[in-house]
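The values are calculated or read from the model by the stated rules, or taken from the named source; none is laboratory data. Treat the numbers as computed from the prediction; the structure is a model and nothing was measured. When we count neighbours, we look across all protein chains shown, and the Cβ atoms used for this are built from the backbone with ideal geometry, even at glycine. Accessible surface is based on the protein model in full, side chains and every heavy atom, while ligands, DNA and RNA are left aside. Shrake-Rupley method; radii C 1.70, N 1.55, O 1.52, S 1.80 Å.
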Amino acid sequence: MKIAVVVFPGSNCDIDMYEAFHTVCKADIEYVSYKEKSLDGFDAVVLPGGFSYGDYLRTGAIARFSNIIPAVEKMAEEGKLVLGVCNGFQILTEMGLLPGALKKNDSLQFVCKTVTLEVENTHTPFTTEYEDKELIRIPIAHGDGSYYADEDVLAELENNHQVVFRYHGENPNGSLHDIAGICNKEGNVLGMMPHPERAVEKILGGTDGLPLFKSLLKAGVQA
Amino acid sequence: MTTVRIYVTYKPSVFDPQGAAITDSVNSLGHDEVKKIVVGKFFDITLDEDNLDKVKADVKDIAESLLVNFNMETYKIKVLEENA
């Protein structure tokens, strides 16, 4: 399985993401510039965290017009795996691959800490290695992570079991329905604000992000 | 030339944390009569075009394809200057 991590101007979690796959999981991953037009030959693509284009206008709004974006859309259509973390999640909503939007945290503060998530859906290619309803500790670091969608969209997300991760105990940003991560209807596109790539080795403070990477790689082998 | 201002704000149904914080601050100044402050942003767009119908169509396209995220935002357009 070959994975691409897209590097936008202002990405800053691309190296963490690369290392999580390459060093920790021994997976085949490559950096791909936002200037490229093709993702041919890749089985999965990751949009990493950071501040693409300085978060100008809205988070993820400008990145959506990069050369690489049509190739990401194509992969999503083909059922290949697309993962967006933090700014990557924001880009996925701006692209329309995931519904809703990420708005400024209710506190107006940039929140950087480790939070508890509940794994709500273990049937996605990203979460099969978690236990149903498992509580995991994953770091967050964002100023615009408050998930918003209309009531109708929220109802649809809940009915289709598209809420994959939910904040547990404390909601750090005002996200509706305590949403921390959602997938598309088909389940092959996941967006989440928390950073699983920052929780893959004990020395980082925890390994609760590791099952996500293992799930993704396992799904790739089976595909 | 025509200059148009596009105002972008959260939809009324969306909580505006900056507006709420600023409203609290204004109230704490003693202005109890202030009930609500909405924070948004504006874009002044100058176009090499005098036909107002064309200008409005162009600006609508720009707003709807980039400047506004309809999941959470709404917008208004105001013509500032014509033939400036």
Query - All positions within region A:91-131 that are hydroxyl-bearing (S, T, Y) and either away from chain B (no Cβ under 13 Å) or farther than 14 Å from A:L190 by Cβ (or both) - result: A:S107, A:T114, A:T116, A:T122, A:T124, A:T127, A:T128, A:Y130
Requested in this report: Mind listing whichever residues of region A:194-223 are in contact with a helix residue (DSSP H, G or I) (Cβ under 6 Å, 6 or more places away or on another chain), of a type in the set (A, V, I, L, M, F, W, C) and outside any helix (DSSP H, G or I)?
Outcome: A:V200
Query - B:D50, sole failed condition from (1) open to solvent by 70 Å² or more (accessible area, probe 1.4 Å); (2) at pLDDT 95 or above - result: (2)
Query raised in the report: In the set B:D50, B:D16, which member is more than 12 Å from chain A (Cβ to nearest Cβ) and either touching a Phe, Trp or Tyr at 6+ places or on another chain (Cβ under 6 Å) or more than 26 Å from A:L108 (Cβ to Cβ) (or both)?
Result: B:D50
**Report entry** One residue from A:G145, A:G169, A:G181 being more than 26 Å from B:P12 (Cα to Cα) and at pLDDT 95 or above
**Finding:** A:G169
Report task. Being of a type in the set (V, I, T) and surrounded by 24 or more Cβ atoms within 10 Å (Cβ to Cβ) narrows it down to one of A:T116, A:T23, A:T93, so name that one. Result -> A:T93
Report task. Output the strands (runs of 3 or more DSSP E) that fall wholly within chain B and possess 1 or more residues being touching a Pro at 6+ places or on another chain (Cβ under 9 Å), or say none. Result -> B:73-82
**Report entry** Residue count for region A:143-170, restricted to those that are within 14 Å of another protein chain (Cβ to nearest Cβ) and either out of contact with any strand residue (DSSP E or B) (no Cβ under 9 Å at 6 or more places or on another chain) or open to solvent by less than 10 Å² (accessible area, probe 1.4 Å) (or both)
**Finding:** 11
Requested in this report: Return yes or no: is A:K35 in a loop (DSSP other than H, G, I, E, B) and open to solvent by 10 Å² or more (accessible area, probe 1.4 Å)?
Outcome: yes
Report summary line: Residues of region B:58-84 being within 16 Å of B:Y7 (Cα to Cα), aliphatic (A, V, I, L, M), more than 14 Å from chain A (Cβ to nearest Cβ) and open to solvent by 50 Å² or more (accessible area, probe 1.4 Å), in sequence order, are B:I77, B:L80
